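Note sheet for the following structure.
The values are calculated or read from the model by the stated rules, or taken from the named source; none is laboratory data. In this text, all values refer to a predicted model and were calculated from it rather than measured experimentally. Positions of Cβ are generated from backbone atoms using ideal geometry, with glycine treated the same way; all protein chains shown enter the neighbour counts. The accessibility values were calculated without ligands, DNA or RNA, using every heavy atom of the protein model including side chains. Shrake-Rupley method; radii C 1.70, N 1.55, O 1.52, S 1.80 Å.
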Amino acid sequence: MSAEVHTLPPVTLTDHDALLVIDMQDDFVSPTGSLSVPGGEGIVPGINALAAHFTHVILTQDWHPAGHISLASTHGLKPFTDTVQAPYGIQHLWPDHCLQGSPGAELYSALSIPHAELILRKGFRRDIDSYSAFTENDRTTTTGLAAYLQARGLHRLFFCGLAYDYCVGFSAIAAAQLGFDTWVIEDLCRGIATASIEATNKTFADLNVRRISSEEVLALEPYAR
């Protein structure tokens, strides 16, 4: 990812802030996972340390049923290269991953955030994929996360996890479009491909999604609890 990071202005963390940890699951994090993101294991200690700095932490999980539209095996096609036409557009196909109840769908074992207050599962509807934590890929079907955050008075959102140019990026973009103050902690994400990372960064800039470092966030004064 680019080294161009927007510096955090002088602020403190407040009770209106939340950390969203995106899809830190075995199939994505582990080097032997079916859809492993390079370097995913390396960000786990930093995420654990960062999460301890927040009172409000939300985790997401990809949670696909067998026969999900995103799985190449569903269509008898090849992952990564083949696509299918879905009602909401072109659906890229992936290896079997994060199948409901499978070891690969579990949160990575070294992830340690016992105070997380919500685990949001997405992608469980068989005929719609879901990269964003807010809306599925038809950009209409909601996960309910926005309403939860609004009801809890959580207005500023910090994102980390996997993958930068897919579920982290789609989630942050959706958050900004929904009016949340949106920040992406760039060094605690890992991406897939240069082209999609650059496209994600351009959209971030267009929507005023700010890219920062975990060091900057950890340097903030936490609010009195």
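Here are the numbers for this structure:
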item: Ranking by accessible area, most exposed first, for D181, D23 with a 1.4 Å probe; result: D181, D23
item: Segment 85-124 and segment 139-184: distance between their alpha carbon centers, rounded to Å; result: 16
item: Base-10 log of normalised Debye intensity for the chain (one unit scatterer per alpha-carbon) at q = 0.13, 0.14, 0.16, 0.17 Å⁻¹; result: -0.71, -0.83, -1.11, -1.26
item: Loop-located chymotrypsin sites (Phe, Trp or Tyr not before Pro) in segment 169-225, at most 14 other Cβ atoms within 10 Å (DSSP); result: Y223
item: For segment 35-176, with +1 on Lys and Arg beta carbons and -1 on Asp and Glu, the positive-most of T83, L118, Y108 along the dipole; result: L118
item: Selected from D129, D187, D15 as most flexible by GNM, with the chain as the system and alpha-carbon contacts under 10 Å; result: D15
item: Distant-in-sequence amide H partners of L188 (H built 1.01 Å from N, under 5 Å); result: S214
item: Accessible-area order (highest first, 1.4 angstrom probe) of the listed residues R210, R156, R121; result: R121, R210, R156
item: Approximate spin-label separation L178-D82, in nm, with each point projected 7 Å along Cα-to-Cβ; result: 3.4
item: For segment 23-36, 3J(HN,Hα) per residue [Karplus equation, 6.51 cos²θ - 1.76 cosθ + 1.60, θ = phi - 60°, Hz, x = Gly/Pro]; result: 6, 7, 10, 4, 5, 9, 8, 5, x, 9, x, 5, 9, 4
item: Accessible surface of segment 94-225 [probe 1.4 Å, protein heavy atoms]: carbon and sulfur percent; result: 53
item: The chain - mean residue ellipticity at 222 nm from DSSP helices (-39,500 (n - 2.57) per run, n ≥ 4, rounded to 500); result: -6000 deg cm²/dmol
item: Amide N of segment 25-44 lying under 19 Å from the label point, which is placed 7 angstrom from the Cα of A195 along Cα→Cβ; result: 38
item: Relative contact order, percent, segment 99-225 [alpha-carbon distance under 8 Å, six or more residues apart]; result: 18
item: Solvent-accessible area per residue for segment 37-174 (1.4 angstrom probe, square angstrom); result: 41
item: Per-residue HN-Hα couplings for segment 184-190 [Karplus 6.51, -1.76, 1.60; θ = phi - 60°; Hz; x = Gly/Pro]; result: 10, 8, 5, 6, 10, 10, 9
item: Cα-centred dipole magnitude for the chain, charges only on beta-carbon of K, R (+1) and D, E (-1), debye, nearest 20; result: 380
item: Residue (of Y131, S213, T32) at the positive-pole extreme of the chain, dipole from beta-carbon charges; result: Y131
